Amino acid sequence: MQNQAIQVNGLQKSYEKIHVLKGVDFEVKKGSIFALLGSNGAGKTTIVKILTTLLKQDGGTAAVNGFDVASKPGDVRQSISLTGQFAAVDEILTGRENLIMIAKLRHLKNPRPVADDLLNRFGLTDAADRRVSTYSGGMRRRLDIAMSLVGKPQVIFLDELTTGLDPEARVEVWKTVKELANNGTTVFLTTQYLEEAEQLADRIAILHEGKIIANGTLAELKKLFPPAKVEYIEKQPSLEEIFLAIIGKKEEK
Amino acid sequence: MESTKRHFFSDMNVMLGRSMHHIFRSMDTIITVTITPIAMMLLFVYVLGGAIQTGTDNYVNYLLPGILLMAIASGIAYTSYRLFMDMQRGIFERFHSMPIARSAPLWGHVLTSLVSNAISVLVIILVALIMGFRSSAGVLSWLAVAGILALFTLALTWIAVIAGLSATSVDGAGAFAYPILFLPFISSAFVPTESMPSGVRAFAENQPVTSIVDAIRALLSGQPVGNDIWVALAWCVGIMLVAYIFAMRVYKKRM
(Lines give C-alpha, C1' and ligand atoms only; values in the text may rest on other atoms or scores of the structure.)
Protein backbone atom coordinates (compact mmCIF):
# COMPACT_ATOMS: atom_id res chain seq x y z
CA MET A 1 0.00 0.00 0.00
CA GLN A 2 1.35 3.38 -0.85
CA ASN A 3 1.21 6.05 1.74
CA GLN A 4 0.17 9.08 -0.29
CA ALA A 5 -3.45 9.95 -1.00
CA ILE A 6 -2.57 12.77 -3.38
CA GLN A 7 0.62 13.35 -5.39
CA VAL A 8 1.04 16.47 -7.49
CA ASN A 9 4.12 17.14 -9.64
CA GLY A 10 4.84 20.23 -11.71
CA LEU A 11 1.18 21.05 -12.24
CA GLN A 12 0.58 23.79 -14.83
CA LYS A 13 -2.62 25.50 -15.88
CA SER A 14 -3.42 28.65 -17.83
CA TYR A 15 -6.70 30.35 -18.63
CA GLU A 16 -6.42 32.29 -21.84
CA LYS A 17 -3.30 34.35 -21.15
CA ILE A 18 -3.28 34.09 -17.38
CA HIS A 19 -0.79 31.56 -16.07
CA VAL A 20 -2.54 30.41 -12.89
CA LEU A 21 -0.46 27.39 -11.87
CA LYS A 22 3.24 27.55 -12.63
CA GLY A 23 4.49 24.17 -11.49
CA VAL A 24 2.77 23.10 -8.30
CA ASP A 25 4.21 20.21 -6.26
CA PHE A 26 2.90 18.65 -3.07
CA GLU A 27 1.87 15.38 -1.51
CA VAL A 28 -0.86 14.55 0.95
CA LYS A 29 -0.49 11.63 3.33
CA LYS A 30 -3.35 9.17 3.70
CA GLY A 31 -5.66 9.94 6.60
CA SER A 32 -4.38 13.47 7.14
CA ILE A 33 -5.97 16.88 6.84
CA PHE A 34 -4.15 19.03 4.33
CA ALA A 35 -4.95 22.70 3.97
CA LEU A 36 -4.14 24.69 0.87
CA LEU A 37 -3.94 28.33 1.77
CA GLY A 38 -3.93 31.29 -0.55
CA SER A 39 -5.53 34.59 -1.36
CA ASN A 40 -8.55 34.93 -3.58
CA GLY A 41 -7.70 34.02 -7.14
CA ALA A 42 -4.45 32.27 -6.21
CA GLY A 43 -5.58 29.12 -8.02
CA LYS A 44 -6.79 26.97 -5.11
CA THR A 45 -10.06 26.10 -6.81
CA THR A 46 -8.21 25.35 -10.05
CA ILE A 47 -6.13 22.75 -8.21
CA VAL A 48 -9.27 21.25 -6.66
CA LYS A 49 -10.95 21.09 -10.07
CA ILE A 50 -7.98 19.32 -11.62
CA LEU A 51 -7.75 16.83 -8.75
CA THR A 52 -11.49 16.10 -8.95
CA THR A 53 -11.36 15.57 -12.74
CA LEU A 54 -13.51 18.61 -13.52
CA LEU A 55 -10.66 20.33 -15.34
CA LYS A 56 -7.65 19.11 -17.34
CA GLN A 57 -4.18 20.38 -16.51
CA ASP A 58 -1.88 21.80 -19.19
CA GLY A 59 1.24 20.17 -17.79
CA GLY A 60 2.58 18.08 -14.92
CA THR A 61 0.95 15.10 -13.27
CA ALA A 62 -1.53 14.59 -10.49
CA ALA A 63 -2.63 11.33 -8.89
CA VAL A 64 -5.40 10.75 -6.37
CA ASN A 65 -5.56 7.49 -4.45
CA GLY A 66 -2.86 6.18 -6.80
CA PHE A 67 -4.83 6.93 -9.99
CA ASP A 68 -3.66 9.48 -12.51
CA VAL A 69 -6.37 12.14 -12.89
CA ALA A 70 -5.85 12.54 -16.62
CA SER A 71 -5.69 8.89 -17.68
CA LYS A 72 -7.93 7.25 -15.05
CA PRO A 73 -10.63 9.80 -14.21
CA GLY A 74 -13.23 7.07 -13.64
CA ASP A 75 -11.14 5.45 -10.88
CA VAL A 76 -10.42 8.84 -9.35
CA ARG A 77 -14.14 9.62 -9.20
CA GLN A 78 -14.74 6.29 -7.44
CA SER A 79 -12.28 7.33 -4.74
CA ILE A 80 -13.26 10.92 -4.07
CA SER A 81 -16.01 13.33 -3.31
CA LEU A 82 -16.17 17.07 -3.73
CA THR A 83 -17.82 19.72 -1.63
CA GLY A 84 -17.50 22.80 -3.77
CA GLN A 85 -17.47 26.50 -3.01
CA PHE A 86 -21.23 26.75 -3.26
CA ALA A 87 -23.27 24.30 -1.22
CA ALA A 88 -24.05 21.62 -3.78
CA VAL A 89 -27.35 20.57 -2.28
CA ASP A 90 -30.75 20.39 -3.87
CA GLU A 91 -32.85 23.13 -2.28
CA ILE A 92 -36.20 21.72 -3.31
CA LEU A 93 -35.60 18.20 -2.04
CA THR A 94 -35.55 17.38 1.67
CA GLY A 95 -32.32 16.57 3.47
CA ARG A 96 -33.15 12.88 3.42
CA GLU A 97 -34.03 12.91 -0.29
CA ASN A 98 -30.73 14.61 -1.07
CA LEU A 99 -28.77 11.88 0.69
CA ILE A 100 -30.84 9.08 -0.87
CA MET A 101 -30.29 10.60 -4.31
CA ILE A 102 -26.50 10.55 -3.87
CA ALA A 103 -26.61 7.03 -2.43
CA LYS A 104 -28.52 5.87 -5.51
CA LEU A 105 -26.02 7.58 -7.81
CA ARG A 106 -23.24 5.76 -5.97
CA HIS A 107 -25.23 2.56 -6.58
CA LEU A 108 -25.39 1.56 -2.93
CA LYS A 109 -27.68 -1.33 -2.08
CA ASN A 110 -29.53 0.30 0.82
CA PRO A 111 -29.82 4.05 0.20
CA ARG A 112 -32.29 4.68 3.02
CA PRO A 113 -30.35 3.36 6.04
CA VAL A 114 -27.23 5.06 4.69
CA ALA A 115 -29.14 8.34 4.61
CA ASP A 116 -30.62 7.84 8.08
CA ASP A 117 -27.20 7.07 9.53
CA LEU A 118 -25.64 10.23 8.07
CA LEU A 119 -28.60 12.40 9.14
CA ASN A 120 -28.07 11.11 12.64
CA ARG A 121 -24.30 11.67 12.59
CA PHE A 122 -24.68 15.23 11.37
CA GLY A 123 -27.49 16.16 13.73
CA LEU A 124 -30.00 16.61 10.95
CA THR A 125 -32.53 13.94 11.92
CA ASP A 126 -35.12 16.48 13.10
CA ALA A 127 -34.82 18.44 9.87
CA ALA A 128 -34.60 15.36 7.65
CA ASP A 129 -38.01 15.76 6.06
CA ARG A 130 -37.89 19.52 5.63
CA ARG A 131 -36.92 21.07 2.34
CA VAL A 132 -33.31 22.22 2.28
CA SER A 133 -34.44 25.74 1.35
CA THR A 134 -35.58 26.12 4.98
CA TYR A 135 -32.15 25.14 6.39
CA SER A 136 -29.69 27.60 7.95
CA GLY A 137 -26.30 28.12 6.31
CA GLY A 138 -24.59 25.82 8.80
CA MET A 139 -27.15 23.04 8.38
CA ARG A 140 -26.83 23.29 4.61
CA ARG A 141 -23.07 22.92 4.81
CA ARG A 142 -23.42 19.97 7.17
CA LEU A 143 -25.77 18.29 4.72
CA ASP A 144 -23.36 19.13 1.93
CA ILE A 145 -20.52 17.39 3.76
CA ALA A 146 -22.81 14.48 4.69
CA MET A 147 -23.60 14.04 0.99
CA SER A 148 -19.88 13.90 0.29
CA LEU A 149 -19.50 11.02 2.73
CA VAL A 150 -22.09 8.77 1.11
CA GLY A 151 -20.34 5.64 -0.11
CA LYS A 152 -17.27 6.31 2.11
CA PRO A 153 -14.89 7.91 -0.40
CA GLN A 154 -11.23 7.70 0.66
CA VAL A 155 -10.38 11.30 -0.19
CA ILE A 156 -12.70 14.25 0.25
CA PHE A 157 -12.16 17.70 -1.16
CA LEU A 158 -13.60 20.68 0.69
CA ASP A 159 -13.25 23.85 -1.34
CA GLU A 160 -13.71 27.03 0.74
CA LEU A 161 -16.18 25.19 2.85
CA THR A 162 -16.80 27.89 5.41
CA THR A 163 -16.86 30.89 3.08
CA GLY A 164 -19.99 32.87 3.81
CA LEU A 165 -20.78 31.16 7.09
CA ASP A 166 -21.15 33.04 10.35
CA PRO A 167 -18.51 32.27 13.03
CA GLU A 168 -20.82 29.98 14.96
CA ALA A 169 -21.64 27.85 11.92
CA ARG A 170 -17.97 27.81 11.04
CA VAL A 171 -17.03 26.26 14.38
CA GLU A 172 -19.82 23.75 13.88
CA VAL A 173 -18.40 22.72 10.48
CA TRP A 174 -14.84 22.55 11.84
CA LYS A 175 -15.96 20.03 14.43
CA THR A 176 -17.39 17.88 11.65
CA VAL A 177 -14.19 17.96 9.62
CA LYS A 178 -12.05 16.98 12.61
CA GLU A 179 -14.25 13.95 13.18
CA LEU A 180 -13.81 12.93 9.55
CA ALA A 181 -10.06 12.72 9.77
CA ASN A 182 -10.34 10.73 12.99
CA ASN A 183 -12.14 8.08 10.96
CA GLY A 184 -9.24 7.73 8.51
CA THR A 185 -10.58 9.80 5.63
CA THR A 186 -8.07 12.01 3.86
CA VAL A 187 -9.26 15.60 3.80
CA PHE A 188 -7.99 18.16 1.31
CA LEU A 189 -9.31 21.61 2.09
CA THR A 190 -8.75 25.03 0.66
CA THR A 191 -9.34 28.17 2.61
CA GLN A 192 -8.52 31.82 2.74
CA TYR A 193 -9.18 31.88 6.48
CA LEU A 194 -5.86 31.35 8.13
CA GLU A 195 -7.42 30.46 11.43
CA GLU A 196 -9.24 27.62 9.72
CA ALA A 197 -6.02 26.04 8.50
CA GLU A 198 -4.47 26.53 11.92
CA GLN A 199 -7.43 24.85 13.62
CA LEU A 200 -7.83 21.88 11.33
CA ALA A 201 -4.83 20.96 9.28
CA ASP A 202 -1.98 18.51 9.93
CA ARG A 203 -0.06 20.11 7.10
CA ILE A 204 -0.45 23.49 5.49
CA ALA A 205 0.74 24.58 2.06
CA ILE A 206 0.70 28.16 0.89
CA LEU A 207 -0.07 28.81 -2.74
CA HIS A 208 1.17 32.15 -3.98
CA GLU A 209 1.59 33.39 -7.55
CA GLY A 210 1.15 29.94 -9.03
CA LYS A 211 3.56 28.06 -6.80
CA ILE A 212 3.66 26.43 -3.39
CA ILE A 213 5.93 28.74 -1.45
CA ALA A 214 5.73 26.99 1.89
CA ASN A 215 4.63 23.53 2.97
CA GLY A 216 4.83 22.04 6.42
CA THR A 217 3.22 21.56 9.79
CA LEU A 218 2.14 24.62 11.70
CA ALA A 219 5.23 24.27 13.91
CA GLU A 220 7.48 24.13 10.87
CA LEU A 221 5.85 27.16 9.31
CA LYS A 222 6.28 29.08 12.54
CA LYS A 223 10.05 28.58 12.26
CA LEU A 224 9.94 30.42 8.94
CA PHE A 225 8.77 33.48 10.76
CA PRO A 226 11.61 36.02 10.93
CA PRO A 227 13.18 35.49 14.39
CA ALA A 228 14.00 39.18 14.86
CA LYS A 229 10.33 39.95 15.27
CA VAL A 230 10.02 37.43 18.09
CA GLU A 231 12.08 39.61 20.36
CA TYR A 232 9.56 42.40 20.23
CA ILE A 233 6.39 40.38 20.38
CA GLU A 234 5.57 38.33 23.40
CA LYS A 235 2.79 36.20 21.97
CA GLN A 236 3.39 33.40 19.48
CA PRO A 237 2.99 34.56 15.89
CA SER A 238 -0.37 33.65 14.45
CA LEU A 239 -0.51 31.89 11.14
CA GLU A 240 -1.84 35.08 9.64
CA GLU A 241 1.39 36.89 10.46
CA ILE A 242 3.45 34.01 9.13
CA PHE A 243 1.48 34.05 5.91
CA LEU A 244 1.92 37.73 5.32
CA ALA A 245 5.59 37.61 6.25
CA ILE A 246 6.33 34.81 3.79
CA ILE A 247 4.46 36.47 0.98
CA GLY A 248 6.18 39.75 1.69
CA LYS A 249 9.60 38.12 1.54
CA LYS A 250 8.84 36.52 -1.83
CA GLU A 251 7.69 39.75 -3.33
CA GLU A 252 10.78 41.67 -2.31
CA LYS A 253 12.97 39.44 -4.49
CA MET B 1 -15.58 3.64 -17.10
CA GLU B 2 -17.42 0.37 -17.78
CA SER B 3 -19.49 0.73 -14.66
CA THR B 4 -20.53 4.27 -15.54
CA LYS B 5 -21.92 3.02 -18.83
CA ARG B 6 -23.71 0.12 -17.19
CA HIS B 7 -25.46 2.46 -14.79
CA PHE B 8 -26.31 5.13 -17.33
CA PHE B 9 -30.04 4.43 -17.36
CA SER B 10 -30.40 4.03 -13.61
CA ASP B 11 -28.43 7.26 -13.10
CA MET B 12 -30.63 9.07 -15.59
CA ASN B 13 -33.64 7.69 -13.78
CA VAL B 14 -32.43 9.18 -10.49
CA MET B 15 -31.98 12.53 -12.28
CA LEU B 16 -35.48 12.25 -13.73
CA GLY B 17 -36.93 11.53 -10.29
CA ARG B 18 -35.12 14.56 -8.92
CA SER B 19 -36.45 17.05 -11.42
CA MET B 20 -39.96 15.56 -11.37
CA HIS B 21 -39.93 16.32 -7.63
CA HIS B 22 -38.98 19.87 -8.54
CA ILE B 23 -41.93 20.16 -10.89
CA PHE B 24 -44.54 18.75 -8.56
CA ARG B 25 -43.33 20.92 -5.69
CA SER B 26 -43.54 24.13 -7.64
CA MET B 27 -47.05 25.46 -8.15
CA ASP B 28 -45.63 28.10 -10.41
CA THR B 29 -44.46 25.53 -12.98
CA ILE B 30 -47.74 23.65 -12.94
CA ILE B 31 -49.78 26.82 -13.40
CA THR B 32 -47.66 28.14 -16.25
CA VAL B 33 -47.44 24.94 -18.24
CA THR B 34 -51.02 23.68 -17.90
CA ILE B 35 -53.37 26.31 -16.49
CA THR B 36 -52.20 29.11 -18.82
CA PRO B 37 -52.77 27.12 -22.05
CA ILE B 38 -56.11 25.95 -20.70
CA ALA B 39 -57.11 29.53 -19.95
CA MET B 40 -56.05 30.50 -23.48
CA MET B 41 -58.17 27.70 -24.85
CA LEU B 42 -61.19 28.86 -22.81
CA LEU B 43 -60.65 32.44 -23.95
CA PHE B 44 -60.36 31.56 -27.62
CA VAL B 45 -63.27 29.13 -27.65
CA TYR B 46 -65.79 31.01 -25.50
CA VAL B 47 -64.82 34.65 -26.07
CA LEU B 48 -63.09 35.07 -29.42
CA GLY B 49 -64.11 31.84 -31.11
CA GLY B 50 -67.56 33.09 -32.10
CA ALA B 51 -66.00 35.73 -34.32
CA ILE B 52 -63.37 33.50 -35.94
CA GLN B 53 -64.29 31.89 -39.24
CA THR B 54 -62.41 28.63 -39.66
CA GLY B 55 -64.81 26.73 -41.84
CA THR B 56 -65.41 24.14 -39.12
CA ASP B 57 -68.30 24.02 -36.69
CA ASN B 58 -66.11 22.82 -33.82
CA TYR B 59 -63.55 25.48 -32.94
CA VAL B 60 -62.06 23.40 -30.08
CA ASN B 61 -61.04 20.80 -32.66
CA TYR B 62 -59.45 23.52 -34.75
CA LEU B 63 -57.66 25.15 -31.83
CA LEU B 64 -56.31 22.20 -29.86
CA PRO B 65 -53.11 21.46 -31.87
CA GLY B 66 -51.92 25.08 -31.53
CA ILE B 67 -52.68 25.13 -27.80
CA LEU B 68 -50.67 21.95 -27.32
CA LEU B 69 -47.66 23.49 -29.09
CA MET B 70 -47.94 26.61 -26.91
CA ALA B 71 -48.04 24.48 -23.77
CA ILE B 72 -44.87 22.70 -24.87
CA ALA B 73 -43.14 25.98 -25.75
CA SER B 74 -43.85 27.36 -22.27
CA GLY B 75 -42.87 24.05 -20.66
CA ILE B 76 -39.39 23.98 -22.14
CA ALA B 77 -38.60 27.43 -20.71
CA TYR B 78 -38.54 25.65 -17.34
CA THR B 79 -36.05 23.09 -18.64
CA SER B 80 -33.74 25.95 -19.44
CA TYR B 81 -34.39 27.50 -16.03
CA ARG B 82 -33.73 24.26 -14.12
CA LEU B 83 -30.53 23.64 -16.05
CA PHE B 84 -29.32 27.18 -15.35
CA MET B 85 -30.04 26.83 -11.63
CA ASP B 86 -28.13 23.54 -11.48
CA MET B 87 -25.11 25.15 -13.07
CA GLN B 88 -25.30 28.08 -10.64
CA ARG B 89 -25.68 26.08 -7.48
CA GLY B 90 -22.73 23.80 -8.06
CA ILE B 91 -24.76 20.60 -7.93
CA PHE B 92 -23.54 19.77 -11.45
CA GLU B 93 -19.98 19.91 -10.16
CA ARG B 94 -20.88 17.39 -7.52
CA PHE B 95 -22.49 15.11 -10.10
CA HIS B 96 -19.53 15.43 -12.44
CA SER B 97 -17.03 14.53 -9.76
CA MET B 98 -19.00 11.35 -9.06
CA PRO B 99 -18.56 8.03 -10.86
CA ILE B 100 -21.55 8.52 -13.14
CA ALA B 101 -21.79 9.13 -16.87
CA ARG B 102 -20.91 12.74 -17.65
CA SER B 103 -24.02 13.29 -19.74
CA ALA B 104 -26.46 11.65 -17.29
CA PRO B 105 -27.42 14.93 -15.55
CA LEU B 106 -28.11 16.57 -18.91
CA TRP B 107 -30.14 13.65 -20.26
CA GLY B 108 -32.04 13.67 -16.97
CA HIS B 109 -33.23 17.19 -17.79
CA VAL B 110 -34.12 16.24 -21.36
CA LEU B 111 -36.10 13.23 -20.22
CA THR B 112 -37.85 15.35 -17.59
CA SER B 113 -38.86 17.77 -20.31
CA LEU B 114 -40.40 14.93 -22.33
CA VAL B 115 -42.26 13.43 -19.39
CA SER B 116 -43.54 16.71 -17.93
CA ASN B 117 -44.69 18.01 -21.32
CA ALA B 118 -46.43 14.71 -22.01
CA ILE B 119 -48.31 15.13 -18.73
CA SER B 120 -49.39 18.69 -19.49
CA VAL B 121 -50.45 17.69 -23.03
CA LEU B 122 -52.60 14.90 -21.57
CA VAL B 123 -54.21 17.25 -19.04
CA ILE B 124 -55.00 19.79 -21.76
CA ILE B 125 -56.50 17.11 -24.03
CA LEU B 126 -58.72 15.97 -21.15
CA VAL B 127 -59.96 19.53 -20.60
CA ALA B 128 -60.52 19.89 -24.35
CA LEU B 129 -62.65 16.72 -24.30
CA ILE B 130 -64.84 18.30 -21.61
CA MET B 131 -65.11 21.43 -23.80
CA GLY B 132 -66.38 19.39 -26.71
CA PHE B 133 -63.24 18.24 -28.50
CA ARG B 134 -64.00 15.14 -30.56
CA SER B 135 -61.69 13.09 -32.74
CA SER B 136 -62.31 10.36 -35.25
CA ALA B 137 -58.62 9.40 -35.25
CA GLY B 138 -57.62 5.77 -34.89
CA VAL B 139 -54.81 4.35 -32.77
CA LEU B 140 -52.23 4.82 -35.53
CA SER B 141 -53.13 8.47 -36.04
CA TRP B 142 -52.93 9.11 -32.29
CA LEU B 143 -49.53 7.46 -32.21
CA ALA B 144 -48.43 9.69 -35.08
CA VAL B 145 -49.67 12.76 -33.15
CA ALA B 146 -47.79 11.60 -30.05
CA GLY B 147 -44.67 11.08 -32.16
CA ILE B 148 -44.83 14.55 -33.73
CA LEU B 149 -45.40 16.18 -30.32
CA ALA B 150 -42.50 14.21 -28.80
CA LEU B 151 -40.18 15.29 -31.62
CA PHE B 152 -41.36 18.90 -31.30
CA THR B 153 -40.69 18.73 -27.54
CA LEU B 154 -37.21 17.29 -28.10
CA ALA B 155 -36.35 19.90 -30.73
CA LEU B 156 -37.37 22.76 -28.42
CA THR B 157 -35.76 21.06 -25.41
CA TRP B 158 -32.35 21.03 -27.06
CA ILE B 159 -32.76 24.72 -27.86
CA ALA B 160 -33.65 25.20 -24.20
CA VAL B 161 -30.48 23.32 -23.22
CA ILE B 162 -28.35 25.73 -25.24
CA ALA B 163 -30.10 28.68 -23.58
CA GLY B 164 -29.82 27.19 -20.09
CA LEU B 165 -26.12 26.38 -20.46
CA SER B 166 -25.06 29.67 -21.97
CA ALA B 167 -27.29 32.11 -20.08
CA THR B 168 -25.67 34.50 -17.64
CA SER B 169 -28.84 35.31 -15.70
CA VAL B 170 -32.10 33.61 -14.73
CA ASP B 171 -34.07 35.96 -16.97
CA GLY B 172 -31.81 35.20 -19.88
CA ALA B 173 -32.31 31.48 -19.39
CA GLY B 174 -36.05 31.79 -19.98
CA ALA B 175 -36.18 34.68 -22.45
CA PHE B 176 -35.54 32.61 -25.58
CA ALA B 177 -38.98 31.02 -25.14
CA TYR B 178 -40.92 34.22 -25.85
CA PRO B 179 -40.31 34.34 -29.61
CA ILE B 180 -41.16 30.64 -29.79
CA LEU B 181 -44.36 31.28 -27.84
CA PHE B 182 -45.31 33.88 -30.43
CA LEU B 183 -44.90 31.62 -33.46
CA PRO B 184 -48.31 29.91 -33.05
CA PHE B 185 -50.05 33.33 -33.32
CA ILE B 186 -48.52 33.89 -36.75
CA SER B 187 -49.52 30.46 -38.01
CA SER B 188 -52.60 28.46 -38.82
CA ALA B 189 -53.01 27.62 -35.11
CA PHE B 190 -55.83 30.08 -34.32
CA VAL B 191 -57.08 31.37 -37.66
CA PRO B 192 -56.71 30.12 -41.24
CA THR B 193 -53.70 31.70 -42.95
CA GLU B 194 -55.90 32.71 -45.91
CA SER B 195 -57.28 35.56 -43.78
CA MET B 196 -53.84 37.19 -43.35
CA PRO B 197 -52.24 39.95 -45.50
CA SER B 198 -49.92 38.44 -48.11
CA GLY B 199 -46.55 39.16 -46.41
CA VAL B 200 -47.64 37.79 -43.06
CA ARG B 201 -49.33 34.90 -44.82
CA ALA B 202 -46.13 33.94 -46.64
CA PHE B 203 -44.28 33.84 -43.31
CA ALA B 204 -47.09 31.95 -41.59
CA GLU B 205 -47.32 29.28 -44.25
CA ASN B 206 -43.60 28.63 -44.35
CA GLN B 207 -42.77 28.46 -40.66
CA PRO B 208 -42.63 25.18 -38.74
CA VAL B 209 -45.67 25.71 -36.51
CA THR B 210 -48.13 25.83 -39.42
CA SER B 211 -47.04 22.53 -40.92
CA ILE B 212 -46.98 20.87 -37.50
CA VAL B 213 -50.42 22.25 -36.57
CA ASP B 214 -51.88 21.27 -39.96
CA ALA B 215 -50.45 17.75 -39.73
CA ILE B 216 -51.81 17.19 -36.23
CA ARG B 217 -55.17 18.71 -37.14
CA ALA B 218 -55.50 16.44 -40.16
CA LEU B 219 -54.51 13.36 -38.16
CA LEU B 220 -57.01 14.14 -35.39
CA SER B 221 -59.90 14.79 -37.78
CA GLY B 222 -59.20 11.71 -39.87
CA GLN B 223 -58.39 13.78 -42.98
CA PRO B 224 -55.58 12.85 -45.39
CA VAL B 225 -52.39 14.48 -44.06
CA GLY B 226 -50.64 14.91 -47.41
CA ASN B 227 -47.24 16.58 -47.40
CA ASP B 228 -47.78 18.44 -44.14
CA ILE B 229 -46.63 15.55 -42.01
CA TRP B 230 -43.32 15.21 -43.88
CA VAL B 231 -42.68 18.93 -43.74
CA ALA B 232 -43.54 18.88 -40.04
CA LEU B 233 -41.22 15.94 -39.37
CA ALA B 234 -38.42 17.51 -41.40
CA TRP B 235 -38.69 20.74 -39.34
CA CYS B 236 -38.72 18.88 -36.01
CA VAL B 237 -35.86 16.51 -36.84
CA GLY B 238 -33.82 19.27 -38.48
CA ILE B 239 -34.14 21.68 -35.56
CA MET B 240 -33.52 18.87 -33.11
CA LEU B 241 -30.28 17.73 -34.77
CA VAL B 242 -28.83 21.20 -35.16
CA ALA B 243 -29.78 22.19 -31.60
CA TYR B 244 -28.44 18.89 -30.24
CA ILE B 245 -25.05 19.33 -31.88
CA PHE B 246 -24.73 22.89 -30.57
CA ALA B 247 -26.00 21.98 -27.11
CA MET B 248 -23.49 19.14 -26.77
CA ARG B 249 -20.70 21.44 -27.90
CA VAL B 250 -21.65 24.02 -25.27
CA TYR B 251 -22.04 21.31 -22.62
CA LYS B 252 -18.56 19.89 -23.28
CA LYS B 253 -17.09 23.38 -23.13
CA ARG B 254 -18.83 24.38 -19.92
CA MET B 255 -18.08 21.14 -18.05
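The values are calculated or read from the model by the stated rules, or taken from the named source; none is laboratory data. All of these numbers come straight from a predicted model, not from anything done at the bench. Cβ: placed from backbone, ideal geometry, glycine included. Neighbour counts: every protein chain shown. These area figures cover heavy atoms from the full protein model, side chains too; ligands, DNA and RNA do not enter into them. Shrake-Rupley method; radii C 1.70, N 1.55, O 1.52, S 1.80 Å.
The table below gives the values:
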item	result
Accessible area per residue, Å², the protein assembly as shown with all protein chains present, probe 1.4 Å	46 Å²
Dimensionless Rg/Rh of segment A:1-160 - Kirkwood Rh, Rg from C-alpha atoms	1.01
Viscosity 0.890 mPa s, temperature 25 °C, Stokes-Einstein D of the protein assembly as shown from Kirkwood C-alpha radius, µm²/s	95 µm²/s
Segment A:103-189 - Kirkwood radius from inverse mean 1/r over Cα pairs (Å)	13.6 Å
With DNA, RNA and ligands ignored, accessible area of B:PHE152 (1.4 Å probe; Å², nearest 10)	20 Å²
Over segment B:137-177, equivalent-ellipsoid semi-axes from the Cα gyration tensor in Å	32, 8, 4
With all protein chains modelled, accessible area of B:SER26 [1.4 Å, Å²]	30 Å²
Accessible surface ranking that places the most exposed of A:LYS223, A:LYS49, A:LYS22 first, with a 1.4 angstrom probe	A:LYS223, A:LYS22, A:LYS49
Heavy atoms of A:MET139 accessible to a 1.4 Å probe, total area in Å² rounded to 10	40 Å²
Threshold 30 Å² - residues in segment A:108-157 whose accessible area is reduced by that much or more when the chain is no longer isolated, probe 1.4 Å	A:ARG131
Estimated vicinal HN-Hα couplings, Hz - segment B:144-161 in sequence order (Karplus 6.51, -1.76, 1.60; Gly, Pro = x)	5, 4, 4, x, 4, 5, 5, 5, 4, 4, 4, 4, 5, 4, 5, 5, 4, 5
Peptides B:221-229, A:185-193, B:36-44 ordered by average Cβ neighbours within 10 Å, highest first	A:185-193, B:36-44, B:221-229
Hull volume in cubic angstrom per residue (convex hull over the Cα atoms of segment B:2-254)	139 Å³
Sulfur and carbon atoms: percent of accessible area, the protein assembly as shown [1.4 Å]	59 percent
Distant-in-sequence amide H partners of A:LYS211 (H built 1.01 Å from N, under 5 Å)	A:LYS22
Members of segment B:5-52 that become less accessible by 30 Å² or more once partner protein chains are added (1.4 angstrom probe, chain alone as reference)	B:HIS7, B:VAL14, B:ARG18, B:HIS22, B:ARG25
Solvent exposure ordering (accessible area, 1.4 Å, most first) of B:SER103, B:SER113	B:SER103, B:SER113
Accessible surface buried once A binds B (1.4 Å probe; total of both sides; Å²)	2500 Å²
Residue order for A:GLU209, A:GLU160, A:GLU91 - accessible surface, 1.4 angstrom probe, largest first	A:GLU209, A:GLU91, A:GLU160
